[in-house]
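Nothing in this text is a laboratory measurement; each read-out follows from the coordinates by a stated rule. This is a predicted model, so every value here is computed, not measured. Methodologically, a virtual Cβ is constructed for each residue, glycine included, from the backbone with ideal geometry; neighbour enumeration extends over all protein chains shown.
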Amino acid sequence: MVQKAKILLVDDRPENLLALEAILSALDQTLVRAVSGEEALKALLTDDFAVILLDVQMPGMDGFETAAHIKRRERTRDIPIIFLTAINHGPHHTFRGYAAGAVDYISKPFDPWVLRAKVSVFVDLYMKNCQLKEQAALLRLQLEDDRQGRDSAEPLLAELSARLASVEEQAEALTKQLDDSPEAGAAATAAHLERKLVALRAALEALRPGAAPA
């Protein structure tokens, strides 16, 4: 059973959170609410999130300050942040959002379909990364058990190779989608995923009998 990704929704207004939940419910993922920057940071201490939708204008800790805290933490610095704002102060304000670490900056009112599509891209990337981590964990287990002999390792190596090929195929299809609709943040995340896949494939091939030592 595939575990659902978690999406963090941060807004001080309940009606805005309700609207976001209505828009994103079609993705069939786990939606987590936070009504302040402080509450969002607490949620990030215990849970892993595929993407964060963060309101800019909030009392107390605003979106920019919240994003700065998120990017300073090693555990959360790579989580994509999409800023949502009801105000538009021009390019300087938008630049501040990107400088704070956002992958996108959307002004309200926004197109529900566009927002859902953007979030879907980051959910897909997150799921592919989770699959990749699972394959890496299996590979590490195989390395630890390699003392039992290469012959006994062959069935597991074949299974690992097949699973990795499936992830590679899905990642390639996702990258093609990003080429058609370029998103700077998503493209960078996809490139990072591709590098991980290449490294894992090389490590897997090195385990095969007759492989040249690295």
Original post:
Straight-line reach from Lys42: which lysines have Cα under 28 Å away, leaving out those fewer than 8 places along the same chain?
Top reply: Lys4, Lys6, Lys71, Lys108, Lys118, Lys128, Lys133
Subject >> Vicinal HN-Hα couplings computed from phi for region 29-36 (Karplus, 6.51 cos²θ - 1.76 cosθ + 1.60; Hz; Gly/Pro x) >> reply: 10, 8, 9, 10, 8, 8, 9, 7
Subject >> Pairs of Cα atoms farther than 16 Å apart, region 35-74, % >> reply: 25 percent
Original post:
Going by how many other Cβ atoms sit within 10 Å of their own, how do Thr85, Thr46 line up, fewest first?
Top reply: Thr46, Thr85
**OP:** Give the long-range amide H neighbours of Val51: residues separated by 5 or more places, or on another chain, with amide H under 5 Å away, using H modelled in the peptide plane at 1.01 Å from N.
**Re:** Leu8
**OP:** Within region 1-34, find all residues whose amide N lies under 20 Å from a label point positioned 7 Å from the Cα of Lys71 along Cα-to-beta-carbon.
**Re:** 8-11
